[in-house]
Amino acid sequence: MENDILIDFRFTKTKPGFGDLFLITGETHPKFAPRNNAFGQLAHLGFEQLDDFFGILNSEEAGDDVIVWLFPMLNGEEVFHNSGSFDAIRLSYNALRNTADSLAILQACYDAFTTHLDTQALFEGKAINSFEPVRAKAGEIISYWRGNQIEPGSEASLLIDEDDDEDWDDDEFLDEDWVDEDEDDNSKK
């Protein structure tokens, strides 16, 4: 199951540069001057610069270190080391690695972006006008993992290798060729 929820915000008017985007941190970048203050209105969300990207850090014990990531985009791709102008930004949220309650942080970002930025929101390749499709998808992911006795945001959820999480869908764990090393060592004694 895909656990990442990606919401793209395609700019419909002015395309921001890195200096504009950096204002989301509440500060002005010393090398990249902003051209407008739209992202400055979003500083209350709590984004920080994390390498080339931005994120809202988790202040709670449970869940991943970063709750929501923000990536600048060009031509439908996340970009690194790029001063812009960007044609979109992406919010990324992992519904397995974060607690169910932290979805409210993603919704606050969605609400603020749709209120303060001239964008079209896209989720799973389709334009959306509300947060409900995102909430529904998060609910599916949360239900799936709870059905497998994994609470989203728990220590167990952080240990799951998401590249291999399809193993949770079948019984490949019970492969007859698999041998417990301790059991094998005891049988040789």
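Throughout, read-outs are computed from the coordinates displayed, never taken from laboratory work. As the structure is a computational prediction, the values presented were derived from the model and not from experiment. So basically every Cβ, Gly included, is an ideal-geometry build from the backbone, and we count neighbours across all protein chains shown.
General observations
- Taking the stretch 7-17 as the range and being buried (at least 19 other Cβ atoms within 10 Å of the Cβ) and more than 11 Å from MET73 (Cα to Cα) as the test, only ILE7 passes.
- Only one entry in GLN41, GLN49 is in a strand (DSSP E or B) and surrounded by fewer than 18 Cβ atoms within 10 Å (Cβ to Cβ), namely GLN49.
- Output for the stretch 129-144, where each listed residue is in contact (Cβ under 8 Å) with a residue 40 or more places away in the chain and either loosely packed, with under 13 Cβ neighbours inside 10 Å or over 11 Å from ALA100 (Cα atoms) (or both): VAL134, LYS137, TYR144
- Residue count for the stretch 1-37, restricted to those that are in contact (Cβ under 8 Å) with a residue 40 or more places away in the chain, in contact with a helix residue (DSSP H, G or I) (Cβ under 6 Å, 6 or more places away or on another chain) and in a helix (DSSP H, G or I): 3
- Qualifying residue in the stretch 57-76 (condition: out of contact with any Lys or Arg (no Cβ under 9 Å at 6 or more places or on another chain), more than 26 Å from GLU151 (Cβ to Cβ) and among the aromatic types (Phe, Trp, Tyr)): no
- Of the residues making up the stretch 30-66, those that are within 18 Å of the chain's Cα centre (by Cα) and among the aromatic types (Phe, Trp, Tyr) are PHE47, PHE53, PHE54.
- Hits in the stretch 52-78 - residues which are surrounded by fewer than 16 Cβ atoms within 10 Å (Cβ to Cβ) and closer than 20 Å to LYS31 by Cβ: ASP52, LEU74
- Any hit, the stretch 120-134, residues being within 18 Å of ILE24 (Cβ to Cβ) and not aliphatic (A, V, I, L, M): no
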